[in-house]
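Nothing in this text is a laboratory measurement; each read-out follows from the coordinates by a stated rule. Note that the structure is a prediction, hence the values are computed from the model and not measured. With ideal geometry, Cβ positions are generated from the backbone for all residues, glycine too; neighbour counts draw on all protein chains shown.
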Ligand code: DC
């Protein structure tokens, strides 16, 4: 079974997807981490980020592994921390905007679905990568709440930033994610819309679990 969670940056997709996967005994597919690892590799090997074919080639040859304990490996190296660095984050759009590089990552994502039950999280999972997924969610939250959550995360990691700056970055990412020529963030009619603005993580997970369990029992999703 495939469960997808699409939605904008900082809506809480990763936290919710990880918990939902654990509760269901499914594998959690953090596709953002794949885009991050691919970007890290492209930067590290000095690939010409302006040359689409080079970039796709680097991505095709990247051995990205998402471990059950949350670690991310790229070509055998533990990149869990470094893929969250501002340098990587600031360059992801180069991979994310590149059709051939996306195809290489999508191929890897679909391969996993052939063997495992998945909770797949990312901006294009229900709309593009797994259009026939059994249960598809779109996770929304207001800009204010998303910025507040991201600010808490950053402050917990001892990063000194203002709410206004975090909000500005989220607006910029939203714009990029929605206007991307390929794999853009898009809500389709068959997605179950969840507004998490006033819900706790546990409440969101419970709503999702109810839908998945209905579906597993043969009812509507
Ligand atoms: O979820 P995240 O913040 O780790 O994702 C990082 C970036 O990767 C995001 O800004 C856009 C890109 N991405 C994508 O284009 N498609 C996905 N399925 C997941 C992430």
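Between residue 198 and residue 60, the contour length at 0.36 nm per residue exceeds the Cα-Cα span by 45.6 nm.
Please find, in a Gaussian network model of the chain (springs between Cα atoms separated by less than 10 Å), the residue of 148, 90, 32 whose mean-square fluctuation is greatest. Maximum fluctuation in the GNM of the chain, among the listed residues, is at 90. Just so you know, the Cα atoms of region 97-161 work out to an Rg and Dmax of 15.9, 43 Å. Take the Cα of residue 73, step 7 Å toward its Cβ, do the same at residue 51, and the gap between the two points is 3.0 nm. Can you compute the helix-only [θ] at 222 nm over the chain? Use -39500 (n - 2.57) per DSSP H run of at least 4 residues, normalise by all residues, nearest 500 deg cm²/dmol. Taking each H run of at least 4 residues, the total per residue is -15000 deg cm²/dmol.
Where both bridge residues fall in the chain, DSSP classifies roughly 25% of the beta bridges as antiparallel.
Across region 148-221, C-alpha contacts under 8 Å between residues 6 or more apart give a mean separation that, scaled by the residue count, equals a relative contact order of 12 percent.
Would you please classify the overall shape of region 9-66 from the alpha carbon gyration tensor, given that a ≥ b ≥ c denote the square roots of the eigenvalues, rounded means a/c under 1.5, and beyond that prolate means a/b larger than b/c while oblate covers the rest? It is prolate, given that a/c is not under 1.5 and a/b is the larger ratio. Decide, for the chain, between rounded, prolate and oblate: order the square roots of the alpha carbon gyration tensor eigenvalues as a ≥ b ≥ c, take rounded if a/c falls under 1.5, and otherwise choose prolate if a/b is larger than b/c, else oblate. Here the chain falls in the oblate category.
Using the Cα coordinates of region 117-213, the gyration tensor eigenvalues translate into equivalent-ellipsoid semi-axes of 26, 18, 11 Å, sorted from longest to shortest. Mean separation of Cα pairs under 8 Å and 6 or more residues apart, divided by the residue count, gives region 2-152 a relative contact order of 45 percent. Neighbour counts of other Cβ atoms within 10 Å put 28, 138 in the fewest-to-most order 28, 138.
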